[in-house]
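Structure, as structure tokens:
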Amino acid sequence: MKVIDSLLTQAAGIASLRRDIHAHPELCFEEVRTADLVAAKLTEWGIPVHRGMGTTGVVGIVHGRDGGASGRAIGLRADMDALPMQEHNAFAHTSQHPGKMHACGHDGHTAMLLAAAQHFATERHFDGTVYLIFQPAEEGGGGAREMIADGLFSQFDVEAVFGMHNWPGMGVGQFAVSAGPVMASSNEFKITIHGKGGHAALPHTSIDPVPIACQMVQAFQTIISRNKKPVDAAVISVTMIHTGEATNVVPTRCELQGTVRTFSNEVLDLIEARMREVAEHTCAAHQAQCAFEFVRNYPPTVNSPAEAEFARAVMQGIVGEANVLAQEPTMGAEDFAYMLQARPGAYCFIGNGEGAHRMAGHGEGPCTLHNASYDFNDDLIPLGATFWVRLAEAWFAQAPRA
């Protein structure tokens with residue numbers, strides 16, 4: 001493994017920053033303290049910063065040895081926000097804010113990019129500009145979308161943009177990247193069935209929304225098995241059914257909620273249309289009324305083939321070909337998708353291990369994403385930062401892409 005020596009030397013200091021961020025988690029668009037810390041460190045290292053994009057976003061501006069005269073630029077992105085959940089760990093850097101936790105490793109993502117920034121402050125072996133994008137509100141807030149809307153790529157134009165996420169279960173010292181879809185779109189639906197309430201002993205005088213809902217849930221799965229192509233992955237999950245107030249009363253209404261995930265907008269279009277038809281026609285068949293709501297959240301995260309293979313080559317130069325895996329697409333969602341819609345690029349993964357790195361006092365649960373016993377592996381900081389540095393250097397060493 002070819003980790004940059006200076007990154008190993010400064011690893012303890014950056015790990016301390018990571019744990020400080022972990023102890024002070026902030027939710028979507030509330031990352032004021034985290035943004036202050038990031039901006040202060042970049043400024044301390046002589047890196048100019050721009051603040052306020054997407055409310056609390058920070059962009060560090062690193063010109064190479066040419067002072068940025070070439071006009072070429074790439075973007076490296078880390079997310080900063082935490083999750084609204086209670087941490088079960090009890091080590092020294094556990095969350096000090098009840099109901100808030102860095103359970104997805106965004107504290108570590110920020111730390112890896114800060115480590116790269118500290119290296120860039122003294123070693124700029126490239127001609128071009130690297131924009132360090134510290135993004136708020138990945139966990140449901142669409143911070144990437146908001147930064148773009150505030151002028152991220154019009155003010156800081158880039159040839160390509162790259163992001164990276166830690167991946168529990170994948171070994172430390174391993175990376176993964178693949179071309180094409182790597183994470184799914186995330187979408188929510190709410191269906192309200194309006195029937196006619198009455199006495200449970202006199203069902204013929206009512207229009208019962210419960211059996212209508214049951215038929216609807218079953219029929220939705222036929223969209224997956226019979227309407228879309230079998231090779232197109234998609235998931236419909238009805239995760240909530242709310243109805244009723246008493247055992248002897250036929251309820252007036254029933255509400256279904258859940259999510260839909262796909263790897264393409266074409267499949268999403270099909271599923272939304274068919275779900276609406278199934279819901280409305282099932283209600284009509286039983287003389288009930290239907291209110292159908294469908295909200296599209298994050299689009300699919302789709303890596304550009306050339307940029308994914310470029311990232312793979314850089315990874316192989318650091319950890320060897322055997323330790324760079326193909327990333328199996330996951331039905332989880334990621335708002336880096338918006339950046340990949342705006343510019344070519346790739347979303348990569350770095351192994352976080354099985355959890356043996358966690359300090360004494362960790363929770364009883366597994367070290368998996370969005371788990372109350374999770375903690376980022378600080379051993380990744382110099383490795384992840386090495387990837388960011390070598391990626392930038394290799395990008396500007398090649399001729400500009402058409």
Do any helices (runs of 4 or more DSSP H) lying entirely in the range 284-402 carry at least 3 residues that are in contact (Cβ under 8 Å) with a residue 12 or more places away in the chain, on the phi < 0 side of the Ramachandran plot and within 18 Å of the chain's Cα centre (by Cα), and which ones are they? 336-342
Out of curiosity, is Glu26 within 18 Å of the chain's Cα centre (by Cα), in the same structural domain as Val158 (by TED's automatic domain parsing) and not in a helix (DSSP H, G or I)? yes
Determine which single condition Val172 fails, assuming it passes every other condition in (1) closer than 20 Å to Ala111 by Cα; (2) of a type outside the set (Asp, Glu); (3) outside the structural domain of Leu369 (by TED's automatic domain parsing). (3)
Check off (1) within 29 Å of the chain's Cα centre (by Cα); (2) acidic (Asp, Glu); (3) part of a helix (DSSP H, G or I) for Glu277 and give me the number that stays unchecked. (1)
Scanning the range 286-340 residue by residue, the ones that are buried (at least 20 other Cβ atoms within 10 Å of the Cβ) and among the hydroxyl-bearing types (Ser, Thr, Tyr) total 3
Take residues that are surrounded by fewer than 24 Cβ atoms within 10 Å (Cβ to Cβ) and tell me which of the strands (runs of 3 or more DSSP E) falling wholly in the range 100-209 contain 3 or more. 160-168, 186-194
Does Gly57 count as in the same structural domain as Pro344 (by TED's automatic domain parsing), over 25 Å from Glu159 (Cβ atoms) and not polar (S, T, N, Q)? no
Return yes when Ala40 is assigned by TED's automatic domain parsing to the domain that holds Phe156, within 16 Å of His109 (Cβ to Cβ) and assigned to a helix (DSSP H, G or I) and no when it is not. no
Checklist (1) without any contact (Cβ under 8 Å) to a residue 24 or more places away in the chain; (2) among the hydrophobic types (A, V, I, L, M, F, W, C); (3) not in a strand (DSSP E or B) applied to Leu268, failing item: (1)
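The values are calculated or read from the model by the stated rules, or taken from the named source; none is laboratory data. Just so it is clear, the structure is predicted and the values come from calculations on it, not from any experiment. So basically every Cβ, Gly included, is an ideal-geometry build from the backbone, and we count neighbours across all protein chains shown.
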